[in-house]
Amino acid sequence: IILHDQESWARENTPEALADAIEELSARKLQKLGGGASRLAEELHGWPRVFEQLFCIYREVCSNYKGNGPE
């Protein structure tokens, strides 16, 4: 079946056209997965998250230094 108005479909009934469509679809999925991985990495390891964790450590150290922490 050849669908001319659809994306990532073979435009002709040839092995080459099918291979091109498969490669195009594969590349799109990789871009989508890459974008998701990039967003997740930014959420987990971006500067806002790193600073949040760092300031939690600083607050704990300062509170223990002032004698407010566990003995």
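The values are calculated or read from the model by the stated rules, or taken from the named source; none is laboratory data. The structure displayed is predicted, hence computed values, not measured ones. Note that each Cβ is placed from the backbone with ideal geometry, even for glycine, and that neighbours are counted across all protein chains shown.
Considering only the range 15-37, I want to know if a residue exists there that is outside any helix (DSSP H, G or I), at pLDDT 85 or above and surrounded by 11 or more Cβ atoms within 10 Å (Cβ to Cβ). No, there is no match, as no residue in the range 15-37 is outside any helix (DSSP H, G or I), at pLDDT 85 or above and surrounded by 11 or more Cβ atoms within 10 Å (Cβ to Cβ). Just wondering, is there one or more residues in the range 49-60 that are modelled with pLDDT of 80 or more and in contact with a Gly (Cβ under 9 Å, 6 or more places away or on another chain)? The answer is yes, given that some residue of the range 49-60 is modelled with pLDDT of 80 or more and in contact with a Gly (Cβ under 9 Å, 6 or more places away or on another chain).
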